[in-house]
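The values are calculated or read from the model by the stated rules, or taken from the named source; none is laboratory data. Since the structure is predicted, the reported quantities are computational estimates derived from the model, not experimental observations. Note: ideal-geometry Cβ built from the backbone for every residue, glycine included; neighbour counts use all protein chains shown.
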Amino acid sequence: MEPMTADSSSGGFDYLIVGAGFAGSVLAERLASDGRRVLIVDRRPHIGGNAYDRYDDAGILIHPYGPHIFHTNSKDVFDYLSHFTQWRPYEHRVLASVDGQLLPIPINLDTVNRLYGLNLTSFQVEDFFASVAEKVEQVRTSEDVVVSKVGRDLYNKFFRGYTRKQWALDPSELDASVTARVPTRTNRDDRYFADTYQAMPLHGYTRMFENMLSSPNISVMLNTDYRDIVDFIPYRHMIYTGPVDAFFDYCYGKLPYRSLEFVHETHPREQFQPTGTVNYPNDYGYTRISEFKYITGQQHPQTSVVYEYPQAEGDPYYPVPRPENKELYRQYAALADARPDVTFVGRLATYQYYNMDQVVAQALATYRKLKDAPVQPEATPAG
């Protein structure tokens, strides 16, 4: 069958959006609000990408793809999403199982005092960190970041084992950006994030996405690989949020990712652990256990948790931040730049480990560019 031309008489679409996660859904909503006709397709049987949530067999709201904690410093992003959800204030707290204790992470004043049996003040803990920190001439790796701040012992207890499990690489082999995400505090602030806006969608992420995609200008196709329909459905411009290497048939080889296996359990008691997430940097095959009722605020006589086991194969979750991988991505980025008929946006399409709010911000910025660009008059072929 020959592809049809996307004009009003044939009922075609202005935009074909591949992927119904944050990037695709935000762009679909924004473009539809301008009267554009949008078709959004996703291989999975649901919208929301990895942020999708659902009720399990016990009636507990869970995140099938691991805990998604919303936090941002961007008023624009928070205000935008507030059109589609009410919020429940929530500040995430994480404990790490170290030397038989559950200690606050990021490392703070209480972490140091309880681990070493000390009674330091905020001012004294600064001196403590300075006394144990190792001098690093040029911070290049994830190991450098941590040992230059808090020294070798805290690095070994809290970071090295966790990172080796998560990435199957030693921190000395990973870009500094991995551990630079985790701050070190000299006060007793035990919140995992320090962002201005910290809240969870009151009725869950899936409800928020449903509201985002409710426009009559948006059509949704699930359980659909875009390659199966791209030659038969007329559209004028593609927005692609999937893996950029897959779009170009892995012509330069596969971009490396780490994946996760999620093992969900329901327990016949109200509480399983003392906080939303407990990290296990040195024991067991999993990196952490998260308990959803802390995160969602749900009241229920039972509780559901998820164990996260890092693995090499599976859905792509974390781009592996090494110089050779950035160089490989640059080759794909050059191919993407040469395709004016396709806009590449989102974590997978740009090979970046973005938080949810960063993806929303990127999508909103992309929308502003598309809004000012003329829409192509003819349908485009597949990549």
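Below is a table of values for the structure above.
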{"item": "Pairs, first within 16 Å of Pro183 (Cβ to Cβ) and free of Cβ contacts under 8 Å to residues at least 12 places away in the same chain in the stretch 130-151, second of a type in the set (Phe, Trp, Tyr) and in a helix (DSSP H, G or I), C-beta under 9 Å, six or more apart", "result": "none"}
{"item": "From the options Tyr65, Tyr116, residue that is at pLDDT 95 or above and closer than 28 Å to Val220 by Cα", "result": "Tyr65"}
{"item": "Some residue of the stretch 339-362 being part of a helix (DSSP H, G or I) and farther than 26 Å from Asn73 by Cβ", "result": "no"}
{"item": "Pair list, Cβ < 7 Å and 6+ apart or interchain, from the stretch 35-54 residues that are closer than 18 Å to Gly314 by Cβ to residues that are at pLDDT 95 or above and in a helix (DSSP H, G or I)", "result": "Gly49/Phe22; Ala51/Phe22; Ala51/Tyr205; Ala51/Met356; Tyr52/Tyr205; Tyr52/Thr206"}
{"item": "Sole residue being under 21 Å from the mean Cα position of the chain (by Cα), at negative phi and outside any strand (DSSP E or B), chosen from Val77, Val94", "result": "Val77"}
{"item": "Breaking point among (1) surrounded by 15 or more Cβ atoms within 10 Å (Cβ to Cβ); (2) out of contact with any Asp or Glu (no Cβ under 7 Å at 6 or more places or on another chain); (3) among the charged types (D, E, K, R), for Arg322", "result": "(2)"}
{"item": "Residue, surrounded by the fewest Cβ atoms within 10 Å (Cβ to Cβ), within the stretch 140-161, restricted to residues that are within 26 Å of Glu261 (Cα to Cα) and in contact with a helix residue (DSSP H, G or I) (Cβ under 9 Å, 6 or more places away or on another chain)", "result": "Lys157"}
{"item": "Test: Val244 is touching a Leu at 6+ places or on another chain (Cβ under 8 Å), hydrophobic (A, V, I, L, M, F, W, C) and within 24 Å of Asn325 (Cβ to Cβ)", "result": "yes"}
{"item": "Matching entry among Pro274, Pro316, Pro310 (being over 18 Å from the mean Cα position of the chain (by Cα) and within 27 Å of Leu95 (Cα to Cα))", "result": "Pro274"}
{"item": "Hits in the stretch 163-182 (condition: out of contact with any helix residue (DSSP H, G or I) (no Cβ under 9 Å at 6 or more places or on another chain) and either touching a residue at least 40 places away in the same chain (Cβ under 8 Å) or crowded, with 18+ Cβ neighbours inside 10 Å (or both))", "result": "Lys165, Ala168"}
{"item": "Residue satisfying all of: in the stretch 287-338; part of a loop (DSSP other than H, G, I, E, B) and free of Cβ contacts under 8 Å to residues at least 40 places away in the same chain; farthest from Ile105 (Cα to Cα) among these", "result": "Ala338"}
